[in-house]
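The values are calculated or read from the model by the stated rules, or taken from the named source; none is laboratory data. Just so you know, these numbers come straight off a predicted model, no measurement behind them. Positions of Cβ are generated from backbone atoms using ideal geometry, with glycine treated the same way; all protein chains shown enter the neighbour counts. Surface accessibility is based on the protein's heavy atoms, side chains included, excluding ligands, DNA and RNA. Shrake-Rupley method; radii C 1.70, N 1.55, O 1.52, S 1.80 Å.
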Amino acid sequence: MQYGEFDANSLMYITNRPELVFVRGEGSWLFDAQDKPYLDFIQGWAVNCLGHCPGEIQDALVQQARQLINPSPAFYNGPMIELAGLLTRHSSFDRVFFANTGAEANEGAIKLARKWGRTHKNGAYEIITFDHSFHGRTLATMSASGKAGWDTLFAPQVPGFPKAELNDLESVKALITDKTVAVMLEPVQGEGGVIPATVEFLQGLRELTRAHNVLLITDEVQTGMGRTGRLFGHQHSGIEPDIMTLGKGIGGGVPLAALLAREEVCCFVPGDQGGTYNGNPLMSAVGVAVLRRLLAPGFLDQVTATGNYLAECLNGLVAKHGLVGERGVGLLRALILDDERGPKLVQAALEHAPTGLLLNSPRPNLLRFMPALNVTRGEIDRMITILDHLLVSVPRA
């Protein structure tokens, strides 16, 4: 595909991209090179928590770029300290390490847990994770993930990640040995099909890990930063993990992630952990702007209310079209179909005219919705109208 004088074949092939180029975005909307509008209910896979090109991020980037972009991670900078302070002030954690991606933050969590196990648990290194989980695309985080087929894709895997079943405490108990250092999970399995961990399971898991002197790690790369209606997904269950990772929404569209931990767990020494851009002031300034918007009075309450409205509308489609159901938390939701035409619906939504619609189908029998946290009810209504039409016009699989 050509774009001006350049050919898209210069890009390494990693996924099937449609023959279009997005050139601008505003709020819940994207526009391609032909100026066709698309209502975006993916938002970069829950990345653009405030939508496309929000004023807060524009201002933060411009103001910070005029002052300081990259002094080196060997020195403090103001936005780095401010963002870390805001995160610890509004969480149960004491320390923050900044990274660029969720996978990098999860790698850091794995390293921190293993270092803690070497120091405090006679070299324990195994981290129990869960079937259908997703923790990133590095070799270690792919090994930690429970995604079907990944165990052979880049074999051999990194060892030390036995898999339990989400919401089955007995399956976790059966895997705990003297080699176990931690349990790691997503409060809601996003790629697995928007499967929430129950409050009872999370509370039981916290009790179990404490009883065995095992760390609890919550991967909040997708569920953190207001996505579920609370600042962090685990807060719905009232638990306090030992380690938490953030990504996606923390940067609102720029590459930023974080690893947070309680003081008692922090055992890195100089040389153990680092990164060329960790705590970069340009990205950290954006993180500050995003977090202050999320912490504004009433913002998270509105996310909850809007999430409830989206759920109500999706349940309306369930009743009208005889679908299986709807599930999720806040503004991370799934519509469960009665067949496997999810990919066909995604393609038809993209091609819909005059307004396209961006949807995601992580499993062929469901659609996932990750709109901006400030999506309007009117935009939800418009999405539902288009999807209602597609559920009639797209043949069943």
Quick one: which residue in 397, 372 is at pLDDT below 95 and within 20 Å of residue 193 (Cα to Cα)?
-> 397
Do the conditions hold for residue 81, that is, is it free of Cβ contacts under 8 Å to residues at least 24 places away in the same chain and either open to solvent by less than 80 Å² (accessible area, probe 1.4 Å) or out of contact with any Asp or Glu (no Cβ under 9 Å at 6 or more places or on another chain) (or both)?
-> yes
For the stretch 263-313, which residues satisfy the criterion of being among the charged types (D, E, K, R) and under 30 Å from residue 379 (Cα atoms)?
-> 292, 293, 301, 312
Could you list, in sequence order, all residues of the stretch 1-18 that are part of a loop (DSSP other than H, G, I, E, B) and of a type outside the set (A, V, I, L, M, F, W, C)?
-> 4, 5, 13, 15, 16, 17, 18
Residue 314 closer than 20 Å to residue 48 by Cβ and of a type in the set (A, V, I, L, M, F, W, C) = no
Scan the stretch 229-244 for residues that are open to solvent by 10 Å² or more (accessible area, probe 1.4 Å) and acidic (Asp, Glu) and jot them down.
-> 240
Do any strands (runs of 3 or more DSSP E) entirely within the stretch 36-153 hold 2 or more residues that are under 19 Å from residue 266 (Cα atoms), and if so, which?
-> 95-99, 126-130
Please list, ordered by first then second residue, the pairs with beta carbon atoms under 7 Å, 6 or more apart or interchain, first in the stretch 159-186 and under 17 Å from residue 202 (Cα atoms), second assigned to a loop (DSSP other than H, G, I, E, B) and of a type in the set (Ser, Thr, Tyr).
-> 167/198; 185/133; 186/133; 186/223
Please enumerate the residues belonging to the stretch 19-35 that are surrounded by 12 or more Cβ atoms within 10 Å (Cβ to Cβ) and not in a strand (DSSP E or B).
-> 20, 21, 28, 33
Of the numbered conditions (1) under 20 Å from residue 120 (Cβ atoms); (2) in contact with a Ser or Thr (Cβ under 7 Å, 6 or more places away or on another chain), residue 264 satisfies every one except a single condition; which is it?
-> (2)
